[in-house]
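Have a look at the structure below before the remarks.
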Amino acid sequence: KTLKEEFIVQLNTSEITDDLTQAYILPSNFYFGEVADPRTYGVITQDIIARKCYPFVVDFPVFHASTDFHKMVYIEAPFNKYVAQNVRRHLTSRISDSTVIGKNTVIGENSLIEQSVIGTNCKIGKNVTIKRCIIWDNTEIHDNCTVDDSLILDSVIVNQNCVIEAGTRLDKNV
């Protein structure tokens, strides 16, 4: 079945038959996304980093009032790496494509940041692996931790030797 046929079947078998459903097909150069949960938040964030939402991108002026993203070092596409000024990282640390690192963040030796957003004033310890995560400001992740596909809010401290599995959300001040 096509997507359209499957949608009609789902609509006809749904208990919600009195609601009005509307659809609009956007022109090919437009983008629409709704942040409904942490998963869609992550997907849309990665689309912004990958510049799929142009002109709404990391270095777009709307971010300038509260951040220094316009002062970030931007490594040209296809890499989409944004590293703010005053980021201190060990020579053995690695930052992959599609990543944003906020100002005054420290990244320890042998740590890997992959397709993630790290806020400002964060401390990432030694031998830390962070993949597909969004980590807000003032967060500390101590040595030998693995964080995968998670959302970590402001001022969280992750003690050493922790594994944070996909889909985890850690709230402020935990």
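The values are calculated or read from the model by the stated rules, or taken from the named source; none is laboratory data. All values derive from a computational prediction rather than experimental measurement. Don't worry about glycine lacking a Cβ; one is built from the backbone with ideal geometry, like all the others, and counts go over all protein chains shown. Surface accessibility is based on the protein's heavy atoms, side chains included, excluding ligands, DNA and RNA. Shrake-Rupley method; radii C 1.70, N 1.55, O 1.52, S 1.80 Å.
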Residue count for the stretch 90-109, restricted to those that are over 14 Å from LYS131 (Cα atoms) and surrounded by fewer than 23 Cβ atoms within 10 Å (Cβ to Cβ) | 8
Determine whether the stretch 151-165 contains at least one residue that is within 27 Å of VAL35 (Cβ to Cβ), of a type outside the set (A, V, I, L, M) and not in a loop (DSSP other than H, G, I, E, B).
-> no
Scope the stretch 86-114; condition among the acidic types (Asp, Glu) and over 26 Å from ALA50 (Cβ atoms); matching residues = GLU109
First in the stretch 136-147 and more than 14 Å from SER116 (Cα to Cα) and of a type outside the set (A, V, I, L, M, F, W, C), second anywhere and open to solvent by 70 Å² or more (accessible area, probe 1.4 Å) and in a strand (DSSP E or B), Cβ under 7 Å, 6 or more apart = GLU140/LYS123; GLU140/ILE157
Per-region count, the stretch 110-125, residues in contact with a helix residue (DSSP H, G or I) (Cβ under 7 Å, 6 or more places away or on another chain) and open to solvent by less than 10 Å² (accessible area, probe 1.4 Å) | 0
Just to be sure, is VAL106 touching an Asp or Glu at 6+ places or on another chain (Cβ under 8 Å), modelled with pLDDT of 95 or more and among the aliphatic types (A, V, I, L, M)?
-> no
Please find, within the stretch 29-68, the residue that is modelled with the highest pLDDT out of those that are touching an Asp or Glu at 6+ places or on another chain (Cβ under 8 Å) and of a type outside the set (A, V, I, L, M, F, W, C).
-> GLY42
Within the stretch 153-173, track down each residue that is polar (S, T, N, Q) and surrounded by 15 or more Cβ atoms within 10 Å (Cβ to Cβ).
-> SER155, THR168
In the stretch 126-144, the residues that are in contact with a Ser or Thr (Cβ under 7 Å, 6 or more places away or on another chain), surrounded by fewer than 24 Cβ atoms within 10 Å (Cβ to Cβ) and over 19 Å from GLN46 (Cβ atoms) = LYS126, ASN127, ASP137, ASN138
